[in-house]
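Report on the structure given below.
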Amino acid sequence: IEDERFEPRGDRSIITPSQSNAQKESDMPKPTFEALKTWAENYPKLWNAGDKQAWIDNYKKVAPGNVRMLDPVGTPEKVGFEHCCADSWDLFQPNVRFRIVPGSLFICDNEVAWLLENHFTSGGREHIGLSIETYRFEENGDLVIRTYYKVPRHDDAEIGEMFQTYLP
């Protein structure tokens, strides 16, 4: 994959003090290949280490704007960083570990896709659930997340209990 560099759009020096940080951030160019690669590599590493603030900061470097998520596709859309990302951390992080399947990380322009192994214990047994996840990083700083996976049954031990909360 070629490392693309993006040229800044327009004159960034004409931002008045009264403009909000969100407005300044919305003028950012799409994240570079290297920025997205770093974000992707840090995603499971920081999650598995239990470092919530670093995981959030990792996101905000490449997606400071609004976040929208279909998790999984076919369920109601979630909107906002807290609802899409931080709430998921609080519910799942203590019980789920992530691993991007080697060879399945794709960075194409402003989009990232991967096949993610979700390692968890449920009913006293170790399990691996697979999810396909796509992330589209917009020029205005927004992020659109789409995931694909088999939703656990609500009566499926510990993982089912978590999904009762996540997808009632």
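Pairs linking a residue in the stretch 142-168 that is more than 24 Å from A113 (Cβ to Cβ) to a residue that is charged (D, E, K, R), with Cβ atoms under 8 Å and 6 or more positions apart or on different chains, are H154/E161; G160/R153.
Scanning the stretch 80-95 for residues that are open to solvent by 50 Å² or more (accessible area, probe 1.4 Å) and either part of a strand (DSSP E or B) or without any contact (Cβ under 8 Å) to a residue 60 or more places away in the chain (or both) yields a total of 5.
So that you can scan it fast, the table gives a plain yes or no per residue for (1) part of a loop (DSSP other than H, G, I, E, B); (2) touching a Leu at 6+ places or on another chain (Cβ under 8 Å); (3) open to solvent by less than 80 Å² (accessible area, probe 1.4 Å); (4) not aromatic (F, W, Y):
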| residue | (1), (2), (3), (4) |
| --- | --- |
| R97 | no, no, no, yes |
| G103 | yes, no, yes, yes |
| V112 | no, yes, yes, yes |
| N118 | no, yes, yes, yes |
| I128 | no, no, no, yes |
| S131 | no, yes, yes, yes |
| N140 | yes, no, yes, yes |
| D155 | yes, no, no, yes |
| E161 | no, no, no, yes |
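Tell me the residue from P44, P29 that is over 24 Å from E161 (Cα atoms) and either assigned to a strand (DSSP E or B) or touching a Phe, Trp or Tyr at 6+ places or on another chain (Cβ under 7 Å) (or both), please. When all the criteria are applied, what remains is P29. Residues in the stretch 30-53 that are farther than 23 Å from S104 by Cβ and either among the polar types (S, T, N, Q) or surrounded by 14 or more Cβ atoms within 10 Å (Cβ to Cβ) (or both): D51, K52, Q53.
The values are calculated or read from the model by the stated rules, or taken from the named source; none is laboratory data. Computed from a prediction, not measured in an experiment: that's the story for all the values here. A quick note on method: Cβ atoms are made from the backbone with ideal geometry, for glycine too, and the neighbour counts reach across all protein chains shown. All accessible areas refer to the heavy atoms of the entire protein, side chains included, with ligands and DNA or RNA removed. Shrake-Rupley method; radii C 1.70, N 1.55, O 1.52, S 1.80 Å.
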